[in-house]
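The values are calculated or read from the model by the stated rules, or taken from the named source; none is laboratory data. Please read these numbers as outputs of a predicted model, since none were measured by experiment. Note that we place each Cβ from the backbone using ideal geometry, even for glycine, and neighbour counts take in every protein chain shown.
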Amino acid sequence: MGLFLALALGCLLILAPDALANFLTPKSGGSPNANQIDSLYKIVLYIAAVVFVGVEGALLYSVLKFRAKRGAVAAQIHGNTRLEIGWTVAAGLILVVLTVVTFVKLPSIIDPPNSGSSGLVLSASLTEPTPPNGHRLTVCVQGRQFIWRYTYGSGCLNNAFAGKLPYSYQQMVVPADTTIVLDIQASDVIHSWWVPSLGGKVDAVPGYTTYTWFKAPHPGALYHGQCAQLCGRNHAAMTALVKVVSPADFTAWLNQQQQAIQAANSQVYQLRQILTAENQL
Amino acid sequence: MSSSDYALRPVPQVISHEVVKPRQTKRWVDWVLTTDHKKIGIMYMVTTFVFFILGGVEALLMRVQLGVPNNTLITSEHYNELLTLHGTTMIFLFVVPVMAGFGNYFVPLMIGARDMAFPRLNAMSFWLLLLGGVVFYITLFYHPPESGWWSYPPLSSKLYSPSGGQDAWIFLIHITGVSSLLGAINFYATIVNMRAPGMSWGRLPLFIWAILVYAILLIIALPVVAAAVTMLLTDRHFGTHFFDPTAHGSPVLWQHLFWFFGHPEVYIMILPGFGIISEVIPVFSRKPIFGYKAIAASTAVIAFLATLVWAHHMFASPVPVVVLGFFMLSSFLIGVPTGVKIFNWIATLWRGSIVTTTALYFAVGFIAVFVLGGITGIFLAVFPVDWQLNNTYFVVAHFHYVLMGGAVFSIFAGIYYWFPKMTGRLLNETLGKLSFWLMFIGFNATFFVQHALGLSGMPRRVYTYPPGVGWSTYNLISTIGSFILGAGILVTIANVARNYRHGKVAGPDPWKGNTLEWFTTSPPPVNNFDSIPRVRSVEPMRDIRRQVERQTGVTQKTGGSERFARV
């Protein structure tokens, strides 16, 4: 056991400090739900650390202290009902505490808050899930082998490919301090949406729509994520980037993306017409 | 009488005789046609160890690939094949059947029976296991499956996994499933009907309790996965759409069916390990097991709860919050009986007179690492936390702590404990302890840092990763550790290979055992016992030894374990 701890400590010492940031806790800092998960995790970690040290300590002590010695006689104890009931109840109590803590924390993890005052100005919508005032930006996330596609704006679920709404691939651009609701789907196999700093993962299962949300406070931040469910040979390459910009920049980007898509569409349309005219299609 | 004679004197004097009859057939024909539970047990163990080595090589290949970022040694296709082969092999072809191997050899001996209830069915179980393994591994010559050991559709459907490798995986589940079911029925019938006179349920050795519950869990869980893979097979080839979302099928249905089997499977793998530990620790503490009833009862409670926790594998899947809450609570609950076992084992060591044999080293090492595996299990049961940890290297670390650190360490404890009984020879203790320390250090180096990898955002099942994201150092440590672990396993294999012929003669009871298998010669004759003693407690051998001491007035020494203890 000592060796085991020394080994863990050794690892800590070898590693550069920045690599240590997530040695014991999950990533967080990008969104309130990620922060709440992190603080829930830490409560579990503290309790677990006490149990771990207690149990391993008792084990180590027993093994070292009670090694066979000349003349030593093993105590012929068959059990101790009180003690056994005691530790069963104690284990149960720890779990009761964990249960209570989890359910107390849960709303702050699954319910999105309102956008901040500096966030993008939005109108209310009827689609779930919603922050208390109903104002949020919906982004439809669609997983497919081996890229993520994002469609921006409410109603994206119904017409993700209708061409009206702006979309992007791999890199999602979002306004800062704004509640973003993600409607997650998959078009081929199961994928899993996960940007660690922005909260937990949500599976993208074909035939289902799943939801999550995040609210990133800092413009200029860039968050990395990647597909977390084995989805085929290029699973490792199915990465995601979330770029947080100011609401004004977001609106500008959205317009520019819209125009770029329209320009590309009309180019393709012209090309198609030419090819059709030349009987090459 | 010289002192060495004294140490080697079979004690108590065992009455059992091998019936010597002239060999009519060739030695290998004997093995192929045998219905002797001991020979079948040995065949199980040898076969499963071959698969263990194969699975281990697959693991090392993956670790080599992940040792440095952007590695191109193994392609993503082959990496996916390796992870599927590794997981499937370790679960279906190693841990589950090796426990059946131990069970085969020791259930009849420990309950004082002369064979299993259905010896021929027993032989069939073994040959089906081998067949399942061959059907699966033959895919190496065409196209191994590559959708992981869960084979989630639609990835495992015909459209996304067209190769026959996926079908071979399905047949592996079918064939080894039938093998395990037949074995489970056999264990159940044997334990219920063939116990020695006086061996009531309250006197059943804890390993036998574990095998009994293992059998019941197999009978509950295996039909479900058999049905699920049959549905997958018909989806793939006969136009059904059970799991096809484009035709109103549901991929989530597969997840429920698979994990309804998959989580009991975890306890199927670990409960017999718990049983081995519950045998080894009292023997080498020279103390009765602390809280026999609590340990036996916790085995049954774990089995019951094991059928109610499956959806904690699906916390990121589309399931309602009420389901999340229920499965968090049921997963918490299963921590209680597991904790009870650990406390009881430590209490058994407490105030004992601990004989530090290799078997004890592995048993204590098992507790040490299993505690951490259990604790990280609680992290994963908290579903909001699981949203961060699910499908990352944290989970990989967790289940290797319970299955590699847990089940495999208990298997090694079992090997060092029972090898003298199976072969009549002792393993080398120095090599054994070297093997233990290499495995213990290598294991922790490999898997402890994987918690950190998961927490820093590395998903499992990726064949490579970019540099500069804080994963490289952890991965390198893990890879180095895996080779230390592999070296430790090789030392034990060398130990076994050398000592099954050349080891020191063990005598019938080298450890001062508590249970009936030590009441016969090592190795036992075909009929196991000439006469079966009446059982008066949970430690019949101890009673017999005491009685001999009373009658002869001579303190009974054992056949060899004094050599390892400073007594």
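When B:Phe448 is tested against (1) assigned to a helix (DSSP H, G or I); (2) on the phi > 0 side of the Ramachandran plot, exactly one condition is not met: (2).
Any idea which of B:Leu129, B:Leu109 is buried (at least 21 other Cβ atoms within 10 Å of the Cβ), among the aliphatic types (A, V, I, L, M), in contact with a Lys or Arg (Cβ under 8 Å, 6 or more places away or on another chain) and not in a loop (DSSP other than H, G, I, E, B)?
Values: B:Leu129 fails: in contact with a Lys or Arg (Cβ under 8 Å, 6 or more places away or on another chain).
Going through B:Leu129, B:Leu109 in turn, just one is buried (at least 21 other Cβ atoms within 10 Å of the Cβ), among the aliphatic types (A, V, I, L, M), in contact with a Lys or Arg (Cβ under 8 Å, 6 or more places away or on another chain) and not in a loop (DSSP other than H, G, I, E, B): B:Leu109.
A single entry from A:Gln280, A:Gln262 fulfils the requirement of being polar (S, T, N, Q), more than 30 Å from the chain's Cα centre (by Cα) and assigned to a loop (DSSP other than H, G, I, E, B): A:Gln280. Of all positions in the range B:53-61, none carries a residue that is touching a residue at least 24 places away in the same chain (Cβ under 8 Å) and more than 21 Å from the chain's Cα centre (by Cα). Annotation: of all residues in the range B:438-465 being more than 9 Å from chain A (Cβ to nearest Cβ) and not hydrophobic (A, V, I, L, M, F, W, C), the one that is farthest from the chain's Cα centre (by Cα) is B:Gln450. Pairs are defined by a Cβ separation below 6 Å, a sequence spacing of at least 6 or placement on different chains, a first member in the range B:26-47 that is farther than 16 Å from B:Ala113 by Cα, and a second member that is of a type in the set (S, T, N, Q); the pairs so defined are B:Tyr44/B:Asn104.
Out of B:Val266, B:Val225, one residue alone is at pLDDT below 95 and within 21 Å of B:Ala311 (Cβ to Cβ). It is B:Val266. Does A:Val195 fit the bill of being buried (at least 20 other Cβ atoms within 10 Å of the Cβ) and in contact (Cβ under 8 Å) with a residue 12 or more places away in the chain? Yes.
Scanning the range B:311-362 for residues that are more than 10 Å from chain A (Cβ to nearest Cβ), farther than 30 Å from A:Thr210 by Cβ and outside any loop (DSSP other than H, G, I, E, B) yields B:Lys341, B:Thr358, B:Ala359, B:Phe362.
Here's the yes/no breakdown for (1) crowded, with 24+ Cβ neighbours inside 10 Å; (2) among the hydrophobic types (A, V, I, L, M, F, W, C):
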residue	(1), (2)
B:Leu333	no, yes
B:Ile346	no, yes
B:Thr392	yes, no
B:Phe399	no, yes
B:Met422	no, yes
B:Phe436	yes, yes
B:Phe440	yes, yes
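Taken as a whole, the condition of being closer than 30 Å to B:Thr464 by Cβ, touching a Lys or Arg at 6+ places or on another chain (Cβ under 7 Å) and away from chain B (no Cβ under 14 Å) applies to A:Tyr167. Taking (1) loosely packed, with under 10 Cβ neighbours inside 10 Å; (2) modelled with pLDDT of 90 or more in turn, A:Gln280 satisfies each apart from (2).
Do we have B:Gly273 as outside any helix (DSSP H, G or I) and among the small types (Gly, Ala, Ser) here? Outline the logic, then answer.
Numbers: outside any helix (DSSP H, G or I): no; among the small types (Gly, Ala, Ser): yes.
In short, no.
Can you confirm whether A:Gly200 is outside any loop (DSSP other than H, G, I, E, B) and not hydrophobic (A, V, I, L, M, F, W, C)? No, not satisfied. Taking the conditions (1) at the interface with another protein chain (Cβ under 7 Å from one of its Cβ atoms); (2) of a type in the set (S, T, N, Q); (3) under 20 Å from the mean Cα position of the chain (by Cα) in turn, A:Asn114 satisfies each one other than (1). Restricted to the range B:380-437, the set of helices (runs of 4 or more DSSP H) holding at least 2 residues that are within 11 Å of chain A (Cβ to nearest Cβ), over 14 Å from B:Val491 (Cβ atoms) and over 15 Å from the mean Cα position of the chain (by Cα) comprises B:383-389, B:393-402. Taking the condition under 30 Å from B:Tyr474 (Cα atoms), among the aliphatic types (A, V, I, L, M), surrounded by 15 or more Cβ atoms within 10 Å (Cβ to Cβ) and at pLDDT below 80, does A:Ala8 pass? Taking the combined requirement at face value, the residue satisfies it.
Taken over the range A:67-87, the criterion of being crowded, with 17+ Cβ neighbours inside 10 Å and modelled with pLDDT of 90 or more is satisfied by A:Glu84, A:Trp87. Residues in the range A:89-111 that are more than 9 Å from chain B (Cβ to nearest Cβ) and in contact (Cβ under 8 Å) with a residue 12 or more places away in the chain were compared, and the one that is farthest from the chain's Cα centre (by Cα) is A:Val97. Only a single criterion out of (1) within 14 Å of chain A (Cβ to nearest Cβ); (2) farther than 24 Å from A:Asp203 by Cα is not satisfied by B:Phe243, namely (2). Looking across A:Ala252, A:Ala228, A:Ala221, A:Ala264, one residue alone is touching a Pro at 6+ places or on another chain (Cβ under 8 Å), of a type in the set (Gly, Ala, Ser) and either away from every other protein chain (no Cβ under 14 Å) or in contact (Cβ under 8 Å) with a residue 12 or more places away in the chain (or both). It is A:Ala228. Listed by first and then second residue, the pairs linking a residue in the range B:206-228 that is closer than 21 Å to B:Val283 by Cβ to a residue that is among the polar types (S, T, N, Q) and not in a helix (DSSP H, G or I), with Cβ atoms under 9 Å apart and 6 or more places separating them unless they lie on different chains, are B:Phe207/B:Thr515; B:Ile208/B:Thr515. Among the residues that make up the range A:67-88, is at least one of them in contact with a helix residue (DSSP H, G or I) (Cβ under 7 Å, 6 or more places away or on another chain), within 7 Å of chain B (Cβ to nearest Cβ), in contact (Cβ under 8 Å) with a residue 40 or more places away in the chain and not charged (D, E, K, R)? No, because not a single residue in the range A:67-88 is in contact with a helix residue (DSSP H, G or I) (Cβ under 7 Å, 6 or more places away or on another chain), within 7 Å of chain B (Cβ to nearest Cβ), in contact (Cβ under 8 Å) with a residue 40 or more places away in the chain and not charged (D, E, K, R).
When you check A:Ala216 against the structure, is it more than 10 Å from every other protein chain (Cβ to nearest Cβ) and out of contact with any Pro (no Cβ under 6 Å at 6 or more places or on another chain), yes or no? Against the criterion (more than 10 Å from every other protein chain (Cβ to nearest Cβ) and out of contact with any Pro (no Cβ under 6 Å at 6 or more places or on another chain)), A:Ala216 qualifies. So which residues in the range A:27-37 are touching a Gly at 6+ places or on another chain (Cβ under 8 Å) and not small (Gly, Ala, Ser)? Within the range A:27-37, A:Lys27, A:Asn33, A:Asn35, A:Ile37 qualify. If you take the residues in the range A:28-50 that are within 8 Å of another protein chain (Cβ to nearest Cβ) and among the β-branched types (Val, Ile, Thr), which one is nearest to B:Asn390 (Cα to Cα)? Looking at residues that are within 8 Å of another protein chain (Cβ to nearest Cβ) and among the β-branched types (Val, Ile, Thr), I get A:Ile37.
Can you confirm whether B:Thr473 is under 29 Å from B:Leu380 (Cβ atoms), within 14 Å of chain A (Cβ to nearest Cβ) and in contact (Cβ under 8 Å) with a residue 60 or more places away in the chain? So B:Thr473 fails the test. In this structure, is B:Gly374 surrounded by 22 or more Cβ atoms within 10 Å (Cβ to Cβ), facing another protein chain (nearest Cβ under 7 Å), touching a helix residue (DSSP H, G or I) at 6+ places or on another chain (Cβ under 9 Å) and closer than 27 Å to A:Leu40 by Cβ? So B:Gly374 fails the test.
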